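Data first, discussion second: the structure below is written as structure tokens.
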Ligand SMILES: [Mn+2]
């Protein structure tokens, strides 16, 4: 287990309130504001939950909430992540819709060296959706196209078409696990397989440098109701934290994001959870 004290990189939170393609309930453009409110409270009111790691953090706005142009969003998010990395800081992106993930990944020039670990209810592997490749349902397909190895955890919604495109004919992720050996490699651990087998199926060959993307709908709607596309039977908060600790044990967190917070559907518990989660990720700096 990594020591939880000692030298860590300072954190730059990159707010990316991008929302152009919500497919069900809109509102994730207001996610970063809700997270910022709770982060500010965490900084002063609590000595538990690894909050000490937030002693040195800054918050930058990558773009205004009114920006709906995917190309401009990608440019600005990548630029802010790149600046954080150049300053020796850990970039933690706060969405916004899941499309901000492939934008953030553009900050790394060697995609093969950065494995993307995705916690999500949905596979997000569509080639395009509703007329654009920059839809949130396509986020992980774009990451793969950049050349990032991919690990998908907690998935419980995906179409045959998108799964076959990536994992080959016959792929059916409804209950089990999938593996793609072609470059870049990918593994999918469905919700049911995570419960029965733990993380073991995705650990072999896991790279040293990880980018972690957490779509809050990976969590159970009972503990995280404030998402645009809730799906039953998600992870518990503790299950997610334990998975992060296990995945990052002996590995390096390159960067991370927490996306798809929809305050319009929230009573505050999801925003609080997101802030706690970001503080926890900061411990891996
Ligand atoms: Mn997603």
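The values are calculated or read from the model by the stated rules, or taken from the named source; none is laboratory data. As the structure is a computational prediction, the values presented were derived from the model and not from experiment. Every residue, glycine among them, receives a Cβ derived from its backbone with ideal geometry; neighbour counts consider all protein chains shown.
Candidates are the residues of the stretch 156-170 that are surrounded by fewer than 21 Cβ atoms within 10 Å (Cβ to Cβ) and in a loop (DSSP other than H, G, I, E, B); the one that is nearest to the ligand (Cβ to nearest atom) is 159.
Checking each residue in the stretch 254-273 for being more than 29 Å from residue 209 (Cβ to Cβ), away from the ligand (no atom under 16 Å from the Cβ) and in contact with a helix residue (DSSP H, G or I) (Cβ under 9 Å, 6 or more places away or on another chain) picks out 263, 264, 266, 268, 271, 272.
Just so you know, in the stretch 171-181 the residues that are in contact with a strand residue (DSSP E or B) (Cβ under 6 Å, 6 or more places away or on another chain) and at pLDDT 90 or above include one that is surrounded by the fewest Cβ atoms within 10 Å (Cβ to Cβ), and it is 179. What is the residue count in the stretch 224-234 for residues that are touching a strand residue (DSSP E or B) at 6+ places or on another chain (Cβ under 8 Å), within 15 Å of residue 269 (Cα to Cα) and either without any contact (Cβ under 8 Å) to a residue 12 or more places away in the chain or within 14 Å of the ligand (Cβ to nearest atom) (or both)? Looking only at that region, the number is 1.
For the stretch 97-118, the candidate set comprises residues that are in contact with a strand residue (DSSP E or B) (Cβ under 6 Å, 6 or more places away or on another chain) and closer than 21 Å to residue 220 by Cα; within that set, the residue that is farthest from the ligand (Cβ to nearest atom) is 117.
How do the helices (runs of 4 or more DSSP H) wholly within the stretch 1-111 filter down when requiring 2 or more residues that are modelled with pLDDT of 90 or more and surrounded by fewer than 20 Cβ atoms within 10 Å (Cβ to Cβ): which remain? Of the helices (runs of 4 or more DSSP H) lying wholly inside the stretch 1-111, those with at least 2 residues that are modelled with pLDDT of 90 or more and surrounded by fewer than 20 Cβ atoms within 10 Å (Cβ to Cβ) span 31-45, 70-86. Give me the residue from the stretch 119-155 that is more than 16 Å from the chain's Cα centre (by Cα) and within 12 Å of the ligand (Cβ to nearest atom) and, out of that set, farthest from residue 199 (Cα to Cα). Among those residues, the one meeting the criterion is 129. Does the stretch 184-203 contain at least one residue that is more than 16 Å from the ligand (Cβ to nearest atom) and more than 21 Å from the chain's Cα centre (by Cα)? There is at least one residue in the stretch 184-203 that is more than 16 Å from the ligand (Cβ to nearest atom) and more than 21 Å from the chain's Cα centre (by Cα).
Here are 176, 154: which of them is in contact with a helix residue (DSSP H, G or I) (Cβ under 9 Å, 6 or more places away or on another chain) and farther than 20 Å from residue 214 by Cβ? Quick ask: steps written out before the conclusion?
Numbers: 154 fails: farther than 20 Å from residue 214 by Cβ.
Sole residue among the options that is in contact with a helix residue (DSSP H, G or I) (Cβ under 9 Å, 6 or more places away or on another chain) and farther than 20 Å from residue 214 by Cβ: 176.
The number of residues in the stretch 192-222 that are in a loop (DSSP other than H, G, I, E, B) and within 25 Å of residue 271 (Cβ to Cβ) comes to 3. Among the numbered conditions (1) modelled with pLDDT of 95 or more; (2) touching a helix residue (DSSP H, G or I) at 6+ places or on another chain (Cβ under 7 Å), the only one that residue 251 does not meet is (2).
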